[in-house]
Amino acid sequence: MKNTVIVILLLIVLGLVGYIFVDRSQASDTLSRPASSKTNANINTITYTSVAIPEQVSFAGEKVPLQDPEVRERLEMELVQTAYRHSRTIMNLKRAGRWFPQIVPILRAHNIPEDFKYIAVVESNLLNLISKVGATGFWQFLRETGKQYGLEVNKEVDERYHRLKATTAACKYLNHSYGIFDNWALVAASYNRGMGGIRSNVNRQKVTSYYDLFLNSETAKYVIRAVAVKIIFENPTNYGFNIPKSQLYAPIDYRKVKVEHTIPDLVEFAVQQGITYKMLKVHNPWLRRKTLTIKSPGRTYTILIPKGVKPNSAFRQQDIPRIQLKF
């Protein structure tokens, strides 16, 4: 019996040794065998290159001094970063198809150079965002600054999220700033640093050009980044972005609903308009609560409803579906 057990153990050990030997031989053969031509043909070589800088560049009609090596290098860095942030830049190009046609007329109406549309890209990627310090919306207004330039900001309504009204407020800020600096690059820098911050730097450093100022890293990049965005947006194919016009997001057509009386329930209002509450909030992000209160006589609001959706005149409270939860 003892001898039988020993024989069985020996056979098991020999089997394991043989398996390991064969497995290693096969692995070695696989590693040493050259890849087939079919495999080699499927290997794509990715080549990264630098980016082209135009011979002349301007922002808001003012030339960027590319003869300054430091300015040129900063612009090249922003161009490279913007060009190789593929997903972000692609989405910004697509969003621009929707929003530029709507904000550019507002800029023109307030005599703001069209290039300031690229400031909105730098600020928010054309999204309604909230920064770490509380700057909010398309144009990234702080609460008090937004109110200073005509935006309503309270618990129910926050017009910093209203892209078109916020654009008008931004124009007011930019014109105010231009009245101080008489220079659009400094105006753009003030949108990041504040008018007081730029004015103190100009006075202390005794220069009158943004490109000659020594600034904190964020503001030093800010206008240059807008210039880089402009260069790529004006010639996207030169930087590898080939997006058909049909793939750009188109402006949305709306019908306007004038609100003259308090709406106690925006969910009910949405259903009456033939849309969902979600659609109401997506297209009117400035509505921050489920109610809209008329707080002063004569105050009105305009709510946007996507065209093609008709009001549900047959709406009845009992028609709202009710879902009972079972636990």
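The values are calculated or read from the model by the stated rules, or taken from the named source; none is laboratory data. Keep in mind that what you see is a predicted model, and the values were worked out from it rather than measured. Neighbour counts run over all protein chains shown; Cβ positions are idealised from the backbone, glycine included. Remember, those area values only see protein heavy atoms, side chains included, never the ligands or the DNA or RNA. Shrake-Rupley method; radii C 1.70, N 1.55, O 1.52, S 1.80 Å.
A simple spin-label model places the labels of Asp68 and Arg85 2.3 nm from each other, with each point 7 Å out along Cα-to-Cβ.
Once the chain from Gln272 to Ala109 is taken as fully extended at 0.36 nm per residue, the excess over their C-alpha distance is 55.2 nm. Here each label is just a point 7 Å from Cα along the line to Cβ, and for Tyr254 and Lys310 those points are 2.3 nm apart.
Working note: Karplus 6.51/-1.76/1.60 with θ = phi - 60° gives segment 201-208 the couplings 5, 4, 5, 6, 8, 6, 10, 10 Hz, where Gly and Pro are set to x. When the C-alpha to C-alpha distance is required to be over 29 Å, the pairs from Lys132/Lys155; Lys155/Lys221; Lys221/Lys281 that qualify are Lys155/Lys221; Lys221/Lys281. Which entries of Lys256/Lys310; Lys63/Lys230; Lys117/Lys147; Lys278/Lys307 have Cα-Cα distances beyond 18 Å here? Over 18 Å apart, Cα to Cα: Lys117/Lys147.
For Lys295, the aspartates and glutamates whose Cα falls under 17 Å of its own Cα, not counting residues fewer than eight places away in the same chain, are Glu152, Glu156, Asp158, Glu159, Glu260, Asp265. Rolling a 1.4 angstrom probe over the protein heavy atoms with all chains in place gives segment 60-187 an accessible area of 44 Å² per residue. Between segment 79-99 and segment 166-213, the alpha-carbon centres lie 26 Å apart. Between Glu156 and Leu142, full extension at 0.36 nm per residue minus the direct alpha carbon distance yields a gain of 3.4 nm. Surface listing: His86, His110, His261, His162 arranged by accessible area from highest to lowest gives His261, His86, His110, His162, probe 1.4 Å. Approximating the spin labels as points 7 Å out from Cα along Cα→Cβ, the Lys206-to-Thr262 distance works out to 6.3 nm.
From the C-alpha coordinates alone, can you work out the Kirkwood hydrodynamic radius of segment 115-178, in Å?
11.5 Å is the Kirkwood radius here.
Summarising the amide proton neighbourhood of Phe141: residues at separation of 5 or more, or on other chains, whose placed amide H is nearer than 5 Å comprise Thr136.
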